[in-house]
Structure formats: structure tokens, C-alpha cells
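The values are calculated or read from the model by the stated rules, or taken from the named source; none is laboratory data. Quantities reported herein were computed from a predicted structural model and do not represent experimental measurements. Virtual Cβ from ideal backbone geometry, glycine too; neighbours counted across all protein chains shown. These area figures cover heavy atoms from the full protein model, side chains too; ligands, DNA and RNA do not enter into them. Shrake-Rupley method; radii C 1.70, N 1.55, O 1.52, S 1.80 Å.
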Amino acid sequence: MSHPLIVIVDDSHTDVYMLSQSIQDQAQDVKLHLISDGEAAMQFVLTQESISRERHPCVILLDLHLPKVHGLEVLRSIRGKPALDHIHVVVLTGAASPSEEAELRRMGTGSRPKPFSLSEFEALAAELIELCKTASHASV
């Protein structure tokens, strides 16, 4: 069995670094794929349709406010592909408008605030790792 894959889509280098380190500290067997803008995230989503389910990420951490393509568009693309229904998506934002929150709820998710402290990054990392464990047990 291959290592679980977590995709982090965020344009904040500091946030990506802090979260990546927290994940690696807690689970060395997890692979990370880092994406820094919405356009690259859309390309990544398109490639997922043509690969086997076993190679899909177990979770995508998605910043809502991304350069080039908004995080809502990326989420719509993920949710619009039945072959990707099993992928957990966790949406982070510094501030979501009421209309963005409503749209997220319609797509079956909500947003959570971006972490600011080391303990918040560690807690988020633990949650993402747990989602991967849950996903691997569900696919067995």
C-alpha cells in the first residue's frame, strides 16, 4: 500500500511551511503535494480523473482565497466529479463572506479559520492525518 497523500492548496508560504512541518512531525509516512494557486489546483483536479482511485489524495486542504482561481471554483470542480467524491476537502479561510459560507454549506462543507499558533497547526495536522486513516480504512 502506498503512502497517504495530503494536498495543501494555499498561497501563504508561512502557513504551508508550518502545516507541512506539523504533518511531517506527526506522520513521516504521509506524502505532501503543495499547490500555491487556484489555477494549478484546477489542473491538479483535472489530472485526478485519469488516475486510479488508490493514487488520489485522502484529503485536500483548500484555502478559500487563492490567486488566479478562487477556492470556491476549485471546490466546485472537485465536487463536480463523481470519481472524486471520496476525497475529504477541508476549507480554510481568514474570512469568508456570508454568501461564501452559504455556498460552502450547499456543497457539503464549511470553512474553518486559518491556524495562527503552533498548537493550532499541530491540531489541524492531526485532524488531516486522522482523515487519511479513516479514508484508508473505508477503502479496504
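Tabulated results
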item: Members of region 36-55 that are in contact with a helix residue (DSSP H, G or I) (Cβ under 6 Å, 6 or more places away or on another chain) and within 25 Å of residue 116 (Cα to Cα); result: 38, 41
item: Extreme residue, nearest to residue 74 (Cα to Cα), among residues of region 108-126 that are assigned to a strand (DSSP E or B) and either of a type in the set (Phe, Trp, Tyr) or open to solvent by 70 Å² or more (accessible area, probe 1.4 Å) (or both); result: 112
item: Of all residues in region 16-35 being open to solvent by less than 60 Å² (accessible area, probe 1.4 Å) and in contact with a helix residue (DSSP H, G or I) (Cβ under 8 Å, 6 or more places away or on another chain), the one that is nearest to residue 75 (Cα to Cα); result: 35
item: Residue match in region 46-60 (condition: under 18 Å from residue 12 (Cα atoms) and open to solvent by less than 30 Å² (accessible area, probe 1.4 Å)); result: yes
item: Qualifying position, being touching a Gly at 6+ places or on another chain (Cβ under 9 Å) and over 19 Å from residue 107 (Cα atoms), among 68, 31; result: 68
item: Residue 87 at pLDDT 95 or above and open to solvent by less than 10 Å² (accessible area, probe 1.4 Å); result: no
item: Residue identified as open to solvent by 30 Å² or more (accessible area, probe 1.4 Å) and not hydrophobic (A, V, I, L, M, F, W, C) among 38, 80, 71; result: 80
